[in-house]
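The values are calculated or read from the model by the stated rules, or taken from the named source; none is laboratory data. As the structure is a computational prediction, the values presented were derived from the model and not from experiment. So basically every Cβ, Gly included, is an ideal-geometry build from the backbone, and we count neighbours across all protein chains shown.
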Amino acid sequence: MTEEPSARLCLGLDFGGTKIAVGLVDRCGSLLWQDRIRTPRATDGSALFLVVADLLEIGLSAADARGDLAVVGISCGGPMSGERVSPLNVPAWRDFPLAERIRRLSRIEAEGVPVAIDNDAKALALGEAWCGNARGERNFLAMVVSTGVGGGLVLDGRLLDGEEGNAGHVGHVIVEPGGRTCGCGAQGCLEAEASGTAIEAITGAPAAKAPQEVRERAGRLVGRAVASVANLLDLRRALVGGSVALGYGTPFFLAAQRELDARARLAFSAGARIDPVGLGADAPIIGAAAVGWRALGVDVLGGAR
């Protein structure tokens, strides 16, 4: 007898520099429950993990009331080295074994629940291909423009990983040569110029309060980076999420598209489009769940895992 998809659940965890979110997602990509907290400004990695563990316990309790927990899927800001995470905006975690620490949580270990992890923007790409605006697309870039800037690439229907799992890190494409120093040590990276962290440093106020010209500049620089990717990799679609991009809305996306049109002029890149993610504010959790379900063999990419 085949089990109903809704009876089995993935507990998704999205860890970012601004927020930590958990949610329950079924095999069809439906988000059934979620909760979130602000990311503490911790300097001790183990203390920060205790906060994550407490939030996961809440998620486990929520799963008890809704179905059977099949897997835990994790998305986390990068860079990563295998399963070890070093998010640039979270200094407390450097080479931190996040997935392994979650596997050792008492209930997850006792029940043998599988745990899978990937970069947050790669997870976003999986989620958008699964049930967002990239359904049916075999070549696209997915981006997060939030506290930091990340990217995930799907080419020929396959999610690119790279040597250590960091393929698609568009936040470190140079968009302003000689520009601001990035957390990675280079100058002029997209993340150093258009992330929420950078905008706050430039304006002296939270990114959400940025004036119109700053919002449009952020969009313009994102369009510039997308054009480089489109020209390099022969793709014509970029989907952008994250609190900065979605919060800035139409002015951001119009500026990004104008810049993309001006700089992607080859026969195969001309006409490339940049659009908001289809999953909106739910994209990070559904992306994290896509990582988990994919590890169990669910075809979230539509035929090419």
Filter segment 156-183 down to the residues that are under 30 Å from Gly302 (Cα atoms) and β-branched (Val, Ile, Thr), then identify the one that is surrounded by the most Cβ atoms within 10 Å (Cβ to Cβ). Val170
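Quick check, is Asp275 surrounded by fewer than 22 Cβ atoms within 10 Å (Cβ to Cβ), without any contact (Cβ under 8 Å) to a residue 40 or more places away in the chain and within 19 Å of Cys131 (Cβ to Cβ)? Before you say what the answer is, go through the steps one by one.
Details: surrounded by fewer than 22 Cβ atoms within 10 Å (Cβ to Cβ): yes; without any contact (Cβ under 8 Å) to a residue 40 or more places away in the chain: no; within 19 Å of Cys131 (Cβ to Cβ): yes.
Judged against the criteria, Asp275 is not a match.
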Could you list all residues from segment 86-128 that are part of a strand (DSSP E or B) and more than 24 Å from Leu9 (Cβ to Cβ)? Phe96
Right, Gly29: buried (at least 17 other Cβ atoms within 10 Å of the Cβ), assigned to a strand (DSSP E or B) and at pLDDT 90 or above or not? no
Checklist (1) farther than 24 Å from His172 by Cα; (2) not assigned by TED's automatic domain parsing to the domain that holds Ser269 applied to Glu137, failing item: (2)
Within the group Glu216, Glu176, which residue is assigned by TED's automatic domain parsing to the domain that holds Ala256, more than 13 Å from the chain's Cα centre (by Cα), assigned to a loop (DSSP other than H, G, I, E, B) and closer than 17 Å to Ala256 by Cα? Glu176
Restricting segment 189-206 to residues that are closer than 24 Å to Lys122 by Cα and among the small types (Gly, Ala, Ser), the residue that is surrounded by the most Cβ atoms within 10 Å (Cβ to Cβ): Ala194
Of the residues Leu69, Leu88, which is under 21 Å from Val144 (Cα atoms) and either more than 17 Å from the chain's Cα centre (by Cα) or hydrophobic (A, V, I, L, M, F, W, C) (or both)? Leu88
Anything in segment 258-305 that is assigned to a loop (DSSP other than H, G, I, E, B) and over 16 Å from Ala125 (Cα atoms)? List them, or say none. Ala264, Arg265, Leu266, Ala267, Phe268, Ser269, Ala270, Gly271, Ala272, Leu296, Gly297
Find all pairs meeting these conditions: Cβ atoms under 8 angstrom apart; at least six residues apart or on different chains; first residue within segment 199-222 and within 16 Å of Ala245 (Cβ to Cβ); second residue charged (D, E, K, R) and in a loop (DSSP other than H, G, I, E, B). Leu221/Glu176
Within segment 238-248, how many residues turn out to be outside any strand (DSSP E or B) and touching a Pro at 6+ places or on another chain (Cβ under 8 Å)? 2
With Ala142, Ala186, Ala116 as the choices, which residue is surrounded by fewer than 18 Cβ atoms within 10 Å (Cβ to Cβ) and either out of contact with any Ser or Thr (no Cβ under 9 Å at 6 or more places or on another chain) or among the small types (Gly, Ala, Ser) (or both)? Ala186
